[in-house]
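All remarks here apply to the structure that follows.
The values are calculated or read from the model by the stated rules, or taken from the named source; none is laboratory data. Predicted model, so just to flag it, every value in this text is computed and none were measured. Cβ: placed from backbone, ideal geometry, glycine included. Neighbour counts: every protein chain shown. Side chains are part of the model used for accessible areas, which takes the heavy atoms of the whole protein and leaves out ligands, DNA and RNA. Shrake-Rupley method; radii C 1.70, N 1.55, O 1.52, S 1.80 Å.
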Amino acid sequence: MKTFDFKPQLASTIRNYNRQTFMKDLMAGVIVGIVALPLAIAFGIASGVSPEKGIITAIVAGLIISIFGGSKVQIGGPTGAFIVIIYGIIQQYGIEGLTIATLMAGVFLILLGVLHLGTIIKYIPYPIVVGFTSGIAVTIFTTQVKDLLGLSMESVPSDFIEKWIAYAQSMQNIDCWSAAVGIGSVILICLWPLIPMGKIRTLKALPGSLIAIIVMTIAALLLKQYAGVTSIETIGDRFSISNVLPDAQVPQLTWETIKGLVAPALTIAILGAIESLLSATVADGVTGDHHNSNTELVAQGLANLASPIFGGIPATGAIARTMTNINNGGRTPIAGIIHAAVLLLIFLFLMPLAQYIPMACLAGVLVVVSYGMCGWRSFKALLRNPKSDVTVLIMTFLLTIIFDLTVAIEVGLIAACLLFMRRMAETTEVKAILDEIDPNEDADIQAGNLEHLTIPKGVEVYEINGPYFFGAGNRFEEIMAGFGERPKVRIIRMRKVPFVDSTGIHNLTNLCTMSRKEGIEVVLSGVNPRVEAVLTKSGFNNLLGEKNICNHINLALERAEEIINA
């Protein structure tokens, strides 16, 4: 087994670091920190925690991921993908349950890295990734409708369908001012990149979400001060804002609690691994660099161990912030460290101002985020794929929005595995060869024997083409039923069988046992060394007899004649 090779990119990049690179990292880090601010606040509130917890997560997790990560440009922090999971865990297990689940997810992520499972993203079917990502986007949008429109509702149902029914029944209670702020925020965020800025590149680099928050916060304050509009709910109306760094606290762990949180913790870990490695892979494609996936997973695990201890929530690599870092010149982990430092300064000195931000504006920010996440183009393209992929896509999507992400990933993976096994089983062909065997088409015929081989009377020849496992055994019965007279010998050609599993061995054993009861001998032909070793280890050769396992068809036919003439 390979020893774990932990190589944080910071250690390698710092050796040849210079002033020019630092200035690029400084600019990128400051801009990414500003970009991350509104997202961290919005993600924190949408997840069901106070806004400062989102910023604390971005600071702590972002710092650790940059210091220990396997990617030079990865920016870590809270992301939209976790909103649904976090909110569900808090509703069921409370804040302490979320803290324990995040700690457990951190341990799972570290184990994934140590066990060299950094390529895990390759084993998650693409339709599942698109399905749950689109489902999360729809769910995030759904959770923001109340704040976006300023609906007066005593409580919002947790169920997706019930939530929309409740929205429909409350539409007459829309607050026009809040709706104007929310919809205006969406429009401003979308139009901001299109506004000509001339040579003011610094202004152009500011994110539309931050501009929307500044503009709408000022607008809400002016409306309240000079127009007497008090219906626009702000963060301060719902939360008490604190800019004090929390002390490190480790929750009390019990075996019962740990057992109950395994499923959500695994969901956090799997989603965190997928999103972080996907983000690092996208970054590699832009920078031409190569990340160390196992080191990156360990860094993500460390971040999710540290974040909850300081009151934070789950974190992972963020594609949008990582791309912002790259596009603004960031090329080393120093940019990520600076991004965390910028957020820390904002938290310490400007956090009290967050109480004036309208909730409708944050809802507008998350509506734009959900649109960016939905990937409707990829969803639409997948609908043209084979029915099995479409089934997994739709199933994962619907389970995500109707139930939760844990169920969606579990059922989606099971469905994908079952459909994959079915597809693999369909690739294995079992056919009967009648009358003659053409030497020009058969590589296992003994050299020098170029005449067509005639199959003797009383002998049936079958060929397996492909892996021999579940599903293939039943085809023998279907094909054998087409023969009239019962043979004395059945030859099974296995020259095109690359491997056989325990189910395949079980099927072969049943076939041989049933044939023996009918007075029919079974002879194997062209068994490759790997398959023969598996058969020998299982004891199958003892059942069949060494003489009945032949290297090529010539010997198999000779053995068949011996049996007939005996």
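Numbers at a glance
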| read-out | value |
| --- | --- |
| Flag if D5 is at negative phi, among the acidic types (D, E) and crowded, with 18+ Cβ neighbours inside 10 Å | no |
| So M323, is it more than 26 Å from the chain's Cα centre (by Cα) and open to solvent by less than 50 Å² (accessible area, probe 1.4 Å) | no |
| Condition met for R495 (farther than 17 Å from G458 by Cβ and either open to solvent by 20 Å² or more (accessible area, probe 1.4 Å) or in a helix (DSSP H, G or I) (or both)) | yes |
| Some residue of region 29-51 being assigned to a helix (DSSP H, G or I), under 26 Å from G113 (Cβ atoms) and over 24 Å from the mean Cα position of the chain (by Cα) | yes |
| The one condition in (1) surrounded by fewer than 13 Cβ atoms within 10 Å (Cβ to Cβ); (2) modelled with pLDDT of 65 or more; (3) of a type in the set (S, T, N, Q) that N465 fails to fulfil | (1) |
| Qualifying residue in region 111-124 (condition: in contact (Cβ under 8 Å) with a residue 12 or more places away in the chain, among the aromatic types (F, W, Y) and farther than 12 Å from P308 by Cα) | no |
| Pick from region 150-169, criterion assigned to a helix (DSSP H, G or I) and in contact (Cβ under 8 Å) with a residue 60 or more places away in the chain, ranking: least open to solvent (accessible area, probe 1.4 Å) | F160 |
| Helices (runs of 4 or more DSSP H) within region 522-566 that include 2 or more residues closer than 19 Å to T509 by Cβ and open to solvent by less than 30 Å² (accessible area, probe 1.4 Å) | 529-538, 540-544 |
| One residue from F379, F397, F403 being crowded, with 20+ Cβ neighbours inside 10 Å and among the aromatic types (F, W, Y) | F397 |
| Lone qualifier among V138, V107, V114 - being of a type outside the set (F, W, Y), touching a Ser or Thr at 6+ places or on another chain (Cβ under 9 Å) and open to solvent by 10 Å² or more (accessible area, probe 1.4 Å) | V138 |
| Hits in region 391-419 - residues which are under 17 Å from the mean Cα position of the chain (by Cα) and among the β-branched types (V, I, T) | V392, I394, T396, T400, I401, T406, V407, I409, V411, I414 |
| F22 surrounded by fewer than 17 Cβ atoms within 10 Å (Cβ to Cβ) and modelled with pLDDT under 90 | no |
| Subset tally (residues that are modelled with pLDDT under 85 and in contact with a Gly (Cβ under 7 Å, 6 or more places away or on another chain)) for region 495-509 | 1 |
| Some residue of region 267-290 being part of a loop (DSSP other than H, G, I, E, B) and small (G, A, S) | yes |
| Test for Q355: is it under 30 Å from C190 (Cα atoms) and either outside any loop (DSSP other than H, G, I, E, B) or open to solvent by 30 Å² or more (accessible area, probe 1.4 Å) (or both) | yes |
| Among (1) assigned to a helix (DSSP H, G or I); (2) surrounded by 24 or more Cβ atoms within 10 Å (Cβ to Cβ); (3) small (G, A, S), the one test that G70 misses | (1) |
| Output for region 292-312, where each listed residue is over 18 Å from the mean Cα position of the chain (by Cα) and buried (at least 24 other Cβ atoms within 10 Å of the Cβ) | A303, S307, P308, G312 |
| Which listed residue, of G329, G288, G336, G311, is in contact with a Lys or Arg (Cβ under 6 Å, 6 or more places away or on another chain) and closer than 18 Å to Q9 by Cα | G329 |
| Flag if D237 is part of a helix (DSSP H, G or I) and among the acidic types (D, E) | yes |
| From E256, E233, residue being surrounded by fewer than 21 Cβ atoms within 10 Å (Cβ to Cβ), within 33 Å of the chain's Cα centre (by Cα) and over 19 Å from P308 (Cα atoms) | E256 |
| Pairs, first farther than 24 Å from R493 by Cβ in region 412-430, second open to solvent by 50 Å² or more (accessible area, probe 1.4 Å), C-beta under 6 Å, six or more apart | A415/M395 |
| Evaluation of L302 against (1) out of contact with any Phe, Trp or Tyr (no Cβ under 6 Å at 6 or more places or on another chain); (2) among the aliphatic types (A, V, I, L, M); (3) at pLDDT 95 or above (one fails), failing number | (1) |
| Residue selected from region 170-229 under the condition in a loop (DSSP other than H, G, I, E, B) and open to solvent by 70 Å² or more (accessible area, probe 1.4 Å), by the criterion modelled with the highest pLDDT | P196 |
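Quick grid of which residues meet (1) at pLDDT 80 or above; (2) touching a Lys or Arg at 6+ places or on another chain (Cβ under 8 Å); (3) on the phi > 0 side of the Ramachandran plot:
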| residue | (1), (2), (3) |
| --- | --- |
| S388 | yes, yes, no |
| A415 | yes, no, no |
| A425 | no, no, no |
| Q446 | no, no, no |
